[in-house]
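Following: one structure in structure tokens, then a few remarks.
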Amino acid sequence: MRKIDKTKILSTHYKSWEEPLEGNLQNHPDYKSSKIRKEHYIDIVMNLLHNQQGLCGYTEMRLCPLELLGENYWNEGRYVNRNAEVKGQLDHFDPLLKINKGWIWDNFFFIDTDVNTKVKGKLEVDAIMKPDSPDYSEDQFLNYDIENHIFFANTELEKGTQDRVNAMILTLGINFGPVIDLRKEYLRDKLAMKKFGLYYEVNQFPTAFKMCSAQINNTN
């Protein structure tokens, strides 16, 4: 899971609505409100996907082609294709904030549907692994097991921090079984192409690929 920069705001129509709520310390309208969802949902989703480069915020699976994320798709602060179909769901990183702060930008990521419904759900979270946190760094917190294709906490961290990181790896579905299977198959092909000098593009799982490549280079 790589660091995500969410400071690029293209959906300014939504943000100009959300910021006064936060500035005035107001509770948000019900997250399930059909009126609010119709007004802002797709703008939030597509802005997140733009910032996440079309990948799941946690697993880095591809959820949307880059072709749908160009800045030309926004007009007057709104995403123009109101019926855009993408895989995944809008996730509240801290589910407790969904009650009174259900539309806050800071708490949103767009993630794989199965990860959201079958793994993360309403589990308690630790902000140490919030991917847009100023203190988060994949290189500082994570290692990768190239044989089993799973992430684990950097063993150079103190034991308590390792435990926190490993707990959040499970909570965020980063090592969810189907994700491991897809990641393993995808990286096997890309690493083989790299090994034999063939042209390749990595359009999902970039952190795992980076760490695999580093390990291979260090053994050569």
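The values are calculated or read from the model by the stated rules, or taken from the named source; none is laboratory data. Source: prediction; values computed, not measured. Note: ideal-geometry Cβ built from the backbone for every residue, glycine included; neighbour counts use all protein chains shown.
Selection of region 1-24 for residues being of a type outside the set (Lys, Arg), within 30 Å of PRO206 (Cα to Cα) and surrounded by 13 or more Cβ atoms within 10 Å (Cβ to Cβ) yields MET1, ILE4, ILE9, LEU10, SER11, THR12, TYR14. Just to be sure I understand, how many residues within region 185-213 are surrounded by 17 or more Cβ atoms within 10 Å (Cβ to Cβ), touching a strand residue (DSSP E or B) at 6+ places or on another chain (Cβ under 9 Å) and in a helix (DSSP H, G or I)? Total meeting the criteria: 4. Taking region 5-21 as the range and being touching a residue at least 40 places away in the same chain (Cβ under 8 Å), under 23 Å from the mean Cα position of the chain (by Cα) and assigned to a helix (DSSP H, G or I) as the test, the residues that pass are THR12, HIS13, TYR14, LYS15, GLU18.
Touching a residue at least 60 places away in the same chain (Cβ under 8 Å), touching a helix residue (DSSP H, G or I) at 6+ places or on another chain (Cβ under 9 Å) and hydroxyl-bearing (Ser, Thr, Tyr), is that true of TYR73?
Values: touching a residue at least 60 places away in the same chain (Cβ under 8 Å): no; touching a helix residue (DSSP H, G or I) at 6+ places or on another chain (Cβ under 9 Å): yes; hydroxyl-bearing (Ser, Thr, Tyr): yes.
It is false that TYR73 is touching a residue at least 60 places away in the same chain (Cβ under 8 Å), touching a helix residue (DSSP H, G or I) at 6+ places or on another chain (Cβ under 9 Å) and hydroxyl-bearing (Ser, Thr, Tyr).
Count, please, the residues in region 174-184 that happen to be part of a helix (DSSP H, G or I), in contact with a helix residue (DSSP H, G or I) (Cβ under 9 Å, 6 or more places away or on another chain) and of a type in the set (A, V, I, L, M). Residues meeting the conditions: 1. Taking every residue in region 142-162 that is at positive phi and touching a residue at least 12 places away in the same chain (Cβ under 8 Å) and pairing it with any residue that is loosely packed, with under 15 Cβ neighbours inside 10 Å and basic (Lys, Arg), at least 6 positions away or on another chain, the pairs with Cβ-Cβ distances below 9 Å are HIS149/ARG188.
Beta carbons closer than 9 Å, at least 6 apart along the sequence or on distinct chains, never pair a first residue in region 28-51 that is on the phi > 0 side of the Ramachandran plot with a second that is crowded, with 17+ Cβ neighbours inside 10 Å and in a helix (DSSP H, G or I).
Counted as qualifying within region 56-173 are the strands (runs of 3 or more DSSP E) with 2 or more residues that are touching an Asp or Glu at 6+ places or on another chain (Cβ under 7 Å), namely 108-111. Out of region 11-38, which residues are among the β-branched types (Val, Ile, Thr) and more than 14 Å from GLY102 (Cα to Cα)? Selection gives THR12 alone. Scanning region 124-173 for residues that are surrounded by 16 or more Cβ atoms within 10 Å (Cβ to Cβ), farther than 15 Å from THR207 by Cα and of a type in the set (Ser, Thr, Tyr) yields a single hit, THR171. So, LEU172, is that one farther than 21 Å from PHE141 by Cα, modelled with pLDDT of 95 or more and either of a type in the set (Val, Ile, Thr) or outside the structural domain of GLY57 (by TED's automatic domain parsing) (or both) or not? No: the conditions fail for LEU172.
Could you look through region 62-87, keep only residues that are under 20 Å from LEU182 (Cβ atoms) and surrounded by 21 or more Cβ atoms within 10 Å (Cβ to Cβ), and pick out the one that is farthest from the chain's Cα centre (by Cα)? Filtering first and then ranking leaves CYS64.
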